[in-house]
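Worksheet for the structure shown next.
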Amino acid sequence: MSQLKERFVTFLHEKNFVTDQLATVEQKTGVKREYIALGVLGFVGLYLLFGYGASLLCNLIGFAYPAYFSIKAIESSVKEDDTQWLTYWVVYGLFSIVEAFSDIFLFWFPFYYIGKCFFLLWCMAPVTWNGSEIIYRRVIRPFFLKHQATMDSVVSDLSAKAKNITQNVTKEGEIPTVYIC
């Protein structure tokens, strides 16, 4: 337990925007940043359990942090972080589609949003047993490899139809020019 506490304290003393804000609050209030962080985490947890708008908060948690680090990954020259965040977004997209159809039922389960939030945190966690990596390797990748030829055919057909429709709409939208001399 003390090792976990040490990691938490070390994490809270790393140099970044959030820890700078924690340091400012710590300096002004005299309350240690560990207690401030635990208070904020406790409030967020309770809000996810009982608060109105827990869905919005959960979706913000699942979007804001990954979006920030995805932009940083795009701007870096390292390929591994690009792959990590692309994998997250594939899993997040699949989860969002499944949730769109099942949300009517899942909404009524107690603690749904706190569970969803833990799931998203697991998927974005910077650890080797990262949820998005596990789900991608064990579920999405095998399914994709098995059905890749069919998917490519469907995407190709849809692309050709979309191109044809846009060409027809463009032709129909052109106004004939009449020159009067």
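The values are calculated or read from the model by the stated rules, or taken from the named source; none is laboratory data. Quantities reported herein were computed from a predicted structural model and do not represent experimental measurements. Don't worry about glycine lacking a Cβ; one is built from the backbone with ideal geometry, like all the others, and counts go over all protein chains shown. All accessible areas refer to the heavy atoms of the entire protein, side chains included, with ligands and DNA or RNA removed. Shrake-Rupley method; radii C 1.70, N 1.55, O 1.52, S 1.80 Å.
In the set ILE71, ILE140, only one residue is under 26 Å from SER55 (Cα atoms), surrounded by fewer than 13 Cβ atoms within 10 Å (Cβ to Cβ) and among the aliphatic types (A, V, I, L, M); that residue is ILE71.
Taken over the stretch 41-62, the criterion of being at pLDDT below 85 and under 21 Å from the mean Cα position of the chain (by Cα) is satisfied by LEU41, VAL44, GLY45, TYR47, LEU48, LEU49, GLY53, ALA54, SER55.
For VAL98, indicate whether it is in contact with a Phe, Trp or Tyr (Cβ under 8 Å, 6 or more places away or on another chain), of a type in the set (Val, Ile, Thr) and either loosely packed, with under 10 Cβ neighbours inside 10 Å or under 30 Å from PHE43 (Cα atoms) (or both). Let's see the steps before the verdict.
Numbers: in contact with a Phe, Trp or Tyr (Cβ under 8 Å, 6 or more places away or on another chain): no; of a type in the set (Val, Ile, Thr): yes; either loosely packed, with under 10 Cβ neighbours inside 10 Å or under 30 Å from PHE43 (Cα atoms) (or both): yes.
For VAL98, the condition - in contact with a Phe, Trp or Tyr (Cβ under 8 Å, 6 or more places away or on another chain), of a type in the set (Val, Ile, Thr) and either loosely packed, with under 10 Cβ neighbours inside 10 Å or under 30 Å from PHE43 (Cα atoms) (or both) - is not met.
As a summary of the residue check, ARG141 satisfies the conditions (1) touching a Phe, Trp or Tyr at 6+ places or on another chain (Cβ under 6 Å); (2) more than 30 Å from TYR47 (Cα to Cα) except for the one numbered (1). Just checking, does the stretch 85-94 include any residue being modelled with pLDDT under 90, open to solvent by 90 Å² or more (accessible area, probe 1.4 Å) and in a helix (DSSP H, G or I)? There is no residue in the stretch 85-94 that is modelled with pLDDT under 90, open to solvent by 90 Å² or more (accessible area, probe 1.4 Å) and in a helix (DSSP H, G or I).
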